[in-house]
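As structure tokens, the structure follows; a few thoughts come after it.
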Amino acid sequence: MDDETAPQKGTVTQRAIERIKAMIGEGRLEPGQRLPTERDLAAQLGMSRSSMREAIRALTVLGVLEARHGSGIYVTQLEAGDLLETFGVVADLSRGPRLVELLEIRRILESTATALAAARITADQLAEVEKHLAAMNATDDPEEILAHDLAFHREIAVAAGNETMAAILEGLSSRTFRARVWRGYQEEGAFARTRREHAAIHRALAARDPEAARAAAAAHVGEVEEWLRAQLGPQGQSPGPGVPPLT
């Protein structure tokens, strides 16, 4: 039997996770480097193999480690997008008022990213943004608009030049929720308004005007916040009559 009792197990496993993270943070394990065997690592850190196995499994789920069949366990390249991938689960599973909170965060980050992009965007990146804007304007199909809307904002986030911010914004961009918004906009005849908002963002980027870009992006996400609050009803706890639950 393992020498760790059940009540201790979670604590010991967490300590094993922290020790491995410390080895990476201190440079004793580099991105792309193969870990010692489970047995050797457990002995090196003075922990049981079962706790080490659980720690490795947890860090693999988080994108810190990766298992290569027949080769062993390796430290990933520690790219922000990989490490923050599970962040997107929050946006996918949140409902009702929690979505408003996520939109508030997105408004802050999106406006900052758009301001940075206005100062840093290249001609090729601006052309990509314009391409997706034109595609959104050329259709009334919510699914096509959704695809180009996601790409429009993704290009801007990349142009901001901050990979971590771009990864967080990607996580906040729940495709399920945005599809719900676009269908709602179609029902309300609000396509013209949101097209104007996207056009304002593009104009600010083309003018290389960070403050105008910040304001345009904040106004755009703010409109989505207001739309969601209206859908949730006066108490902000559930959708109004006849409105499907927001997911």
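Derivation of every value follows stated rules applied to the coordinates shown; laboratory data play no part. Because the structure is a prediction, the values reported are computed rather than measured. In this analysis, Cβ positions are derived from the backbone assuming ideal geometry, glycine residues included, and neighbour counts consider all displayed protein chains.
I need two numbers for the range 45-133: Rg to one decimal and Dmax as a whole number, Cα atoms only, in Å.
Answer for the range 45-133, Rg first and Dmax second: 19.5, 57 Å.
Per DSSP helix of 4 or more residues, -39500 (n - 2.57); summed, then divided by the residues of the chain. What does that give at 222 nm, rounded to the nearest 500?
-22500 deg cm²/dmol
For a quick check, take a GNM of the chain with Cα springs below 10 Å and name the residue from Pro36, Pro97, Pro210 with the largest mean-square fluctuation.
In this elastic network of the chain, the residue with the biggest mean-square fluctuation among Pro36, Pro97, Pro210 is Pro36.
How long is the chain along each principal axis, judged by its Cα atoms, biggest number first, in Å?
66, 47, 31
Compute a Gaussian network model of the chain, connecting alpha carbons closer than 10 Å, and tell me which residue from Thr112, Thr139, Thr194 fluctuates the most.
Looking only at Thr112, Thr139, Thr194, the biggest GNM fluctuation is shown by Thr139.
Please list 3J(HN,Hα) in residue order for the range 48-63, calculated via the Karplus relation 6.51 cos²θ - 1.76 cosθ + 1.60 where θ = phi - 60°; whole Hz, with x for glycine and proline.
Whole-Hz 3J(HN,Hα) from phi for the range 48-63: 6, 5, 5, 5, 5, 4, 5, 5, 5, 4, 5, 6, 5, 4, 7, x.
Please give, to one decimal in nm, the separation of the simple spin-label points placed at Arg15 and Arg183, each 7 Å out from Cα toward the Cβ.
A separation of 5.1 nm, rounded to one decimal place.
Looking at the range 140-219 from every direction and averaging, what is the projected area of its Cα convex hull in nm²?
Reported value for the Cα convex hull: 5.2 nm².
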